Amino acid sequence: MHGTGTLPSGGLAANPRASDAEDRAAAAALGAERAQAAQPEPDFWPNVHAPDAARTVTADVARLAPVGRRHALLVFLSNPTAVAGLLILAVVVGAALAAPVLFPDDPLEMAGRPLQWPGQNPRFPLGTDALGRDVLAGLVHGARVSLLVGASATLAGLLAGILVGATAGYFGGVVDDVLSKLIEIFQTVPGFILLIVLVAIAQPSVPAIALAIAAVSWPQVARLVRAQFRAIKEKDFVAAARALGFGHGRIIFREILPNALPPVIVLASVTVATAILMESALSFMGLGDPNVVSWGSMIGTGRDLLLTAWFLSAIPGVAIVLTVLSLNLIGDGLNEALNPRRGGEG
């Protein structure tokens with residue numbers, strides 16, 4: 001009996017200890033589960049949160065982030081040479097717009113006695129040429145022709161260059177190879193010789209000259225746009241646009257093109273200046289529109305009188321120099337304002 005009494009008492013004494021151990025194990029397991037649930041999800045990019053990495057990323061974003069329109073305008077206006085170029089161009093554009101009001105008569109008609117020097121006659125502040133035409137009237141009317149040819153040729157060249165360069169840079173592959181060869185073919189031909197041939201075939205006129213200059217200038221735009229598209233199409237936001245199901249047209253014109261425009265805008269200002277020089281050279285050679293007066297035709301008319309009436313060529317020549325200089329100064333200012341790297345450095 002004692003043995004049988006001892007066994008139950010021993011079993012009763014052992015059971016509380018076992019139950020306590022089980023309770024402690026269950027509590028420990030529950031605590032481990034709660035601790036694991038409270039822990040954040042594993043970070044697959046742990047280095048991003050490091051202080052050095054955060055500073056580096058912040059600096060890079062501040063340096064490479066696209067500048068806003070307001071900031072770009074402030075940077076441009078803070079550049080004295082760019083503002084000077086803008087003022088010179090504003091004077092030229094103002095004179096061109098006011099030409100029909102200031103000189104309503106045909107600038108190609110005889111207005112007074114031939115070969116009057118500047119300041120000799122108050123009616124003709126800049127004198128008259130060998131045919132008695134007012135030099136000042138020809139100067140302001142010539143500004144209309146030069147600016148019209150420069151702007152229209154640049155616009156047509158930009159449209160063609162952007163379409164070709166965007167298509168080649170975005171699609172790549174065979175399309176890129178074919179369009180790149182086409183660009184190279186146009187660039188192997190000397191530009192001014194091709195321009196003379198095109199104008200001679202189409203007969204000299206303002207529209208023909210503008211289109212011929214555009215046919216010569218579009219390859220530079222296409223190469224620049226192609227390079228921009230090849231770099232930008234690999235960005236994350238383009239991949240996100242593809243993942244959202246956007247079509248090629250939307251991705252090209254609404255996602256990539258706005259980010260590729262800043263260097264194109266800078267190139268456009270230089271292209272306008274080049275177009276004005278090309279038109280002046282054609283008019284100087286007698287391939288300009290004979291029905292209008294331009295700065296190049298005025299220089300060509302006065303080249304036979306350089307020894308006796310040098311002002312006939314000098315005055316329109318100075319107008320060309322100032323206009324081209326102003327466009328180049330504006331181009332430099334736009335480059336500084338629209339270039340994110342320069343903006344970050346400043």
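None of the figures in this text is laboratory data; all of them are computed from the coordinates on show. Keep in mind the model is a prediction, meaning the values are calculated, not measured. Please note: Cβ atoms are built from the backbone with ideal geometry, for glycine as well, and neighbour counts cover all protein chains shown.
Considering only the Cα atoms of the range 109-170, their convex hull presents on average a projected area of 5.5 nm². Summing charges over neighbours of Glu109, with a neighbour being any other residue whose Cβ is under 11 Å away from its Cβ, gives -2 when K and R count +1 and D and E count -1. Amide H contacts of Asp134: Ala111, each under 5 Å away and 5 or more positions distant or on a separate chain (H built 1.01 Å from N in the peptide plane; Pro and chain starts excluded). Peptides 157-170, 303-316 ranked from most to least packed by the mean count of surrounding Cβ atoms within 10 Å: 157-170, 303-316. Which net charge results for the neighbourhood of Leu211, defined as the other residues with beta-carbon distances under 15 angstrom from its beta-carbon, given Lys and Arg at +1 and Asp and Glu at -1? After counting each charged neighbour, the total is -2. Between Ile265 and Met285, the contour length at 0.36 nm per residue exceeds the alpha carbon distance by 4.1 nm. So what's the net charge close to Val175: Lys and Arg +1, Asp and Glu -1, counting the other residues with Cβ under 14 Å from its Cβ? With Lys, Arg at +1 and Asp, Glu at -1, the neighbours total +2. Highest mean first, the peptides 273-282, 205-214 sorted by other C-beta atoms within 10 Å per residue fall in the order 273-282, 205-214.
Normalised by the number of residues in the range 69-345, the average gap of Cα pairs under 8 Å and 6 or more apart makes the relative contact order 26 percent.
Panel note: the C-alpha atoms of the range 69-345, placed on their principal axes, show extents of 74, 45, 30 Å (largest first).
Each of Asp289, Asp176, Asp236 has some number of other Cβ atoms within 10 Å of its Cβ, and from fewest to most they run Asp236, Asp176, Asp289.
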